[in-house]
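> My structure is below; once you've seen it, I'll send some questions.
The values are calculated or read from the model by the stated rules, or taken from the named source; none is laboratory data. Quick caveat, the model's predicted, so the values are computed rather than measured. Here the Cβ positions follow ideal geometry from the backbone for every residue, glycine too, while neighbour counts run over all protein chains shown. Surface accessibility is based on the protein's heavy atoms, side chains included, excluding ligands, DNA and RNA. Shrake-Rupley method; radii C 1.70, N 1.55, O 1.52, S 1.80 Å.
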Amino acid sequence: MAPRFSKPVPGSLRAAFEMDRDHAKRHRRSMEHVAELMDETPGNLYKMTENGTMYVSRLLGWAHHTGSDAVVRYLAARLGKVVIDVPPGRATESADVHALQAALNASVGALLGFMSGELDRDACMATLGAGLESLAWHRENVRKSDQPELEF
């Protein structure tokens, strides 16, 4: 199966917290349960996410317990960084390489389209980001090729 590249980056910190909360709800993780796991009161947790005042030391726990990394991706994007999921080390299949080639081809096409004025900046950035993430995913997979991880 070809890996899924590029997740949407939230437009604001509040939207990022909402995306994480929605993801947790879809996976049957209530905010009360997440608060208990984070050793917080549900009221405090709601207040921190509504106001965007969560301590940085709590963000990794938040991402782990909600099962989503929207806040982390938002913060990284604000710094001009790209967040890439680290894949399990496994043998690359031909479909993975075909998906990489398609992503890189689309990236070059988007860049040419942007330079000729046919494509807007945001669409070009999204396509280039997907190409970068795809290539970085394969780089990490090659790095881990001698230490494959077990998939459960």
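> Would you mind putting 112-122, 24-34 in packing order, based on average other-beta-carbon counts within 10 Å, highest first?
Put in order of decreasing packing, that is 24-34, 112-122.
> A further question on this structure: Suppose only helical runs count, i.e. DSSP H with n ≥ 4. What mean residue ellipticity at 222 nm does that imply for the chain under -39500 (n - 2.57) per run, divided by all residues and rounded to the nearest 500 deg cm²/dmol?
Values: 7 runs with 96 residues, N = 152.
Result for the chain: -20500 deg cm²/dmol, rounded to the nearest 500.
> Within the chain, which complete DSSP H helices have Cα atoms spanning at least 30 Å along the helix axis and a mean Kyte-Doolittle hydropathy of 0.5 or higher?
The qualifying helices are 94-115.
> With all distinct Cα pairs included, what does the Kirkwood hydrodynamic radius of the chain come out to in Å, to one decimal, could you say?
For the chain, the Kirkwood estimate is 17.4 Å.
> Using a 1.4 Å probe, what is the accessible area per residue for the chain, in Å²?
With the other protein chains kept in place, the chain gives 66 Å² per residue.
> Let me check against my output: what whole-number percent is the relative contact order of the chain, with C-alpha pairs under 8 Å and at least 6 apart?
The normalised contact order for the chain reaches 28 percent.
> Estimate the FRET efficiency between residue 57 and residue 92 by the formula 1/(1 + (r/R0)^6), using the beta-carbon distance for r and 30 Å for R0, to the nearest 0.05.
0.25
> What part of the accessible area of the chain, given as a whole %, is carbon or sulfur when the probe is 1.4 angstrom?
Reported share for carbon and sulfur atoms: 57 percent.
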